[in-house]
Amino acid sequence: MPPSDNRDTLGQTRRATAESKAETTTRVSQEIQRVEAERRQEKTEKLRLARLAMEARSEKRALAESKAGKVTKATKRTRAKS
């Protein structure tokens, strides 16, 4: 085996692709930021839906309590007249 064959592969400083280290770093960092943004959006949507559901339950409870309170007052008046 001639020594020149071994020199071609040893100490190879060029990348297999034309992408430089800076381009690789940029691409990877953009991918990380994209994934983080997607996760943040999903979490925000989940929390927003939970908040809306909680507010709806709260409004239903307040409405039910106010109706129950009105019925109680009306019954008290009716019973007081008897």
Discussion item. So if each residue of separation counts as 0.36 nm, and I subtract the Cα-Cα distance between Glu19 and Leu63, what length gain in nm does that give?
Written reply: 9.5 nm
Worksheet item: When the Kirkwood radius is taken over all Cα pairs of the stretch 15-68, what Stokes-Einstein diffusion coefficient follows at 25 °C and 0.890 mPa s, in µm²/s?
Response: 164
Worksheet item: Label-point separation (nm) for Arg48 and Thr26, each offset 7 Å from Cα along Cα-to-Cβ?
Response: 3.2
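Only the coordinates and a few stated rules stand behind these numbers; no lab work does. Note that the structure is predicted; figures quoted are calculated from it, not measured. All Cβ positions, even for glycine, are placed from backbone atoms using ideal geometry, and neighbour counts span all protein chains on display.
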